[in-house]
Amino acid sequence: MSQLRIPGPTPLPPQVLQSMSKQMINHRGSEYHTMLRSITENLKTLYQTQNDLFVLTGSGTGGLEAAVVNMLSPGDAVLGVSIGVFGDRIAAIARAFGAKVVPLNFEMGKAADPEAVRKALKANPDIKAVMITHNETSTGITNDLEALSKVVREFDKLLIADCVSSLGSLKCPVDEWGLDVAISGSQKGWMAPPGLAFVSVSKKGWEFYKNAKMARFYWDFGSAKKYLEKDENPWTPAVTSIYALSAGLDILMKEGLPNIVARHARVGKACREGIKSLGLKQVADEKYASNTVTAVWLPQGIEYKAISKGMRDEKDITITGGQGALDGKIFRIGHLGWVDEKDIKECIDTLRIVLSKLGFKK
Ligand SMILES: *Cc1c(COP(=O)(O)O)cnc(C)c1O
């Protein structure tokens with residue numbers, strides 16, 4: 001069977017696939033109301049939050065843009081903590097809408113250092129908000145968001161957290177960690193197809209919203225809140241993706257958050273041990289290695305294209321390459337959503353065959 005082993009979109013369980021062949025319904029009717037209410041409740045349970053939570057139609061990047069334009073004004077100073085492509089992306093979004101981004105970049109493969117964040121906030125007292133990626137999908141690193149958020153709260157700043165590839169897979173208790181705006185996306189750990197972004201907004205987030213002057217219309221959280229009171233969205237939602245999300249959440253809720261987190265911990269570990277056993281080296285510092293995606297340095301003299309083609313020819317497994325500065329230097333294996341240890345074992349076993357055919361010796 002073909003296997004998509006990339007960090008989103010992920011393979012979907014049969015129940016989720018079936019849910020998408022249903023007839024359209026009125027998105028302002030009672031059937032939709034019931035479905036959106038239950039989806040929102042389930043998402044809040046898995047976010048571990050009492051904050052407002054909105055399901056927006058768009059990909060994860062849309063969720064990042066929504067967070068920026070609803071919280072900030074042009075000219076606002078904001079700390080953009082980046083350990084890779086996605087940290088750079090939210091900084092670019094904020095810059096595009098006129099924020100004054102103070103960049104705090106860390107070396108590829110390293111996690112963000114809370115002490116450096118403290119220093120930056122001390123040195124720049126005009127900073128209003130901090131943007132941090134929880135799980136950096138481009139390098140396979142999970143930041144210590146709990147420690148980072150403590151520093152942000154010490155200085156009483158707003159925290160915008162890109163949790164697109166962590167929420168619903170990794171430990172990320174939104175309220176306990178004080179994440180003011182936490183963003184995720186349906187095609188990552190949620191056993192759902194692409195098309196939806198989720199954002200939670202804290203009380204402090206709403207205070208920022210009141211003063212935020214960046215241009216926005218489609219993403220306006222005020223409209224989203226007004227319509228959610230009627231269990232609706234302001235605009236026509238991606239109804240098919242909503243069906244699928246509902247089915248995916250049913251599966252996740254049945255499994256339960258502790259089991260979901262434990263399963264990702266097992267598959268993450270299995271992937272890293274497998275990579276090591278092949279004689280390959282992961283990009284991430286082991287202490288911060290992600291349980292949803294593993295980035296691996298390409299062995300000397302072997303190109304990404306040869307490995308990815310080999311994986312496809314051998315077992316119809318799709319992996320992915322590096323982004324940005326890591327293009328042509330690494331490959332990545334996604335292990336989030338509907339995945340178990342058997343899938344990872346198959347992936348590693350296939351990789352062993354492919355590498356040996358390409359003449360790699362450990
Ligand atoms: C996938 C991802 C995004 C959003 O990407 P989209 O392609 O817009 O869904 C943002 N941040 C992280 C960390 C991601 O993994």
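Every number here is computed from the coordinates shown, using simple stated rules; none is lab data. Predicted, not measured: the structure shown is a model, and the values here were computed from it. In this analysis, Cβ positions are derived from the backbone assuming ideal geometry, glycine residues included, and neighbour counts consider all displayed protein chains.
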Among Leu228, Leu43, Leu64, which one shows the biggest mean-square fluctuation in a GNM of the chain, springs joining Cα atoms closer than 10 Å?
-> Leu228
Tell me, what HN-Hα J-couplings in whole Hz come from the Karplus equation 6.51 cos²θ - 1.76 cosθ + 1.60 at θ = phi - 60° for each residue of the range 280-295, using x for Gly and Pro?
-> 9, 10, 7, 6, 6, 4, 3, 4, 10, 5, 6, 8, 10, 8, 10, 9
Going highest first, how would you order 116-124, 183-191 by mean Cβ packing within 10 Å?
-> 183-191, 116-124
Scan the range 179-248 for GluC sites (Glu not before Pro) in coil per DSSP, keeping those whose Cβ has at most 10 other Cβ atoms within 10 Å, and list them by number.
-> Glu229
Give the long-range amide H neighbours of Gly321: residues separated by 5 or more places, or on another chain, with amide H under 5 Å away, using H modelled in the peptide plane at 1.01 Å from N.
-> Arg332
Once amide hydrogens are built 1.01 Å from N within the peptide plane, the residues lying 5 or more places from Ser82 or on another chain with amide H under 5 Å from its amide H are Leu104, Asn105, Phe106
What is the antiparallel percent of DSSP beta bridges lying wholly in the range 158-283, to the nearest 5?
-> 60 percent
Val293 long-range amide H proximity, modeled H, under 5 Å | His335
Tabulate in residue order the Karplus-calculated ³J(HN,Hα) for the range 173-185, using 6.51 cos²θ - 1.76 cosθ + 1.60 with θ = phi - 60°, rounded to whole Hz; enter x for Gly and Pro.
-> x, 4, 6, 4, 8, x, 7, 6, 10, 10, 10, 9, x
Rounded to the nearest 5, the percent of DSSP beta bridges in the range 14-253 running antiparallel is 40 percent
List, in order, the whole-Hz ³J(HN,Hα) value for each residue of the range 266-276 obtained from phi through the Karplus relation with A = 6.51, B = -1.76, C = 1.60 and θ = phi - 60°; use x for Gly and Pro.
-> 5, 5, x, 5, 4, 5, 5, 5, x, 4, 5
